């Protein structure tokens, strides 16, 4: 029994020191609300998706994949009638008749852990103030449980500077600000707070002690096994 206890202690230490598991997140295209000002020269849905994708890729232990109808898992689900084609258009953060989130259902088909889907609520350029306002809402959903881990509503603004005349410059700035705020909120929800530089040294010493403890326990196990073998 003593040896079993030692083995369990070693397993516990190894589990404690194991690296965090990578999770996969599906990023869905945004729905477009009625307060979105249409522009032929600027696709706000695509620009926001690209900007948010770049932000989410920086989150540790998170693999981000964009939703595409051509995904092999999606095509297979369509062929097997496990998924209806009319479910492949925004908005994705809506509940189906059975209460499941559409994003979670598609995310499960793709084998993902998380899903993020939302809607652009407002997007307009005011020629008087030369300012762009972008408002976005969205939900971070746990695919397995269907739980909403985070709901966001963020606003980004961009204004033309002196001598600038192209409204797209302000639109790009508004998109970048909104994406940065959404990405920061998701990161805060998924990643534990990092210790300050002043507090970073003590954990390193703890890690070194843990490594020495694991080595000592392995030596104890080896000694016990050798002693048992010699007594036979």
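Coordinate-derived values only; no laboratory data. Worth saying up front: this structure is predicted, and the values here are computed from it rather than measured. We place every Cβ from the backbone using ideal geometry, glycine too, and count neighbours over all the protein chains shown.
In nm, to one decimal, how far is the residue 126 label point from the residue 24 one, both placed 7 Å along Cα→Cβ?
4.4 nm
May I have the pair-distance distribution P(r) for the stretch 10-120, computed from all Cα-Cα distances with 5 Å bins from 0 and rounded to whole percent?
2, 11, 18, 19, 18, 12, 9, 5, 4, 2, 1, 0, 0
Where does the stretch 102-173 land on the Kirkwood hydrodynamic radius, alpha-carbon pairs, in angstrom? Could you put the intermediate results ahead of the total?
On the way: mean 1/r = 0.0710 Å⁻¹.
Radius from the Kirkwood sum: 14.1 Å.
Quick one: check the C-alpha center-to-center distance for the stretch 159-175 versus the stretch 93-139, whole angstrom.
Their Cα centres are 24 Å away from one another.
Sorted by mean Cβ packing within 10 Å, highest first, what order do the peptides 146-158, 114-126 take?
Taking the mean over residues of other Cβ atoms within 10 Å, the ranking is 114-126, 146-158.
How big is the stretch 23-190 along each principal axis, measuring the range of its Cα positions in Å and listing the largest first?
56, 32, 26
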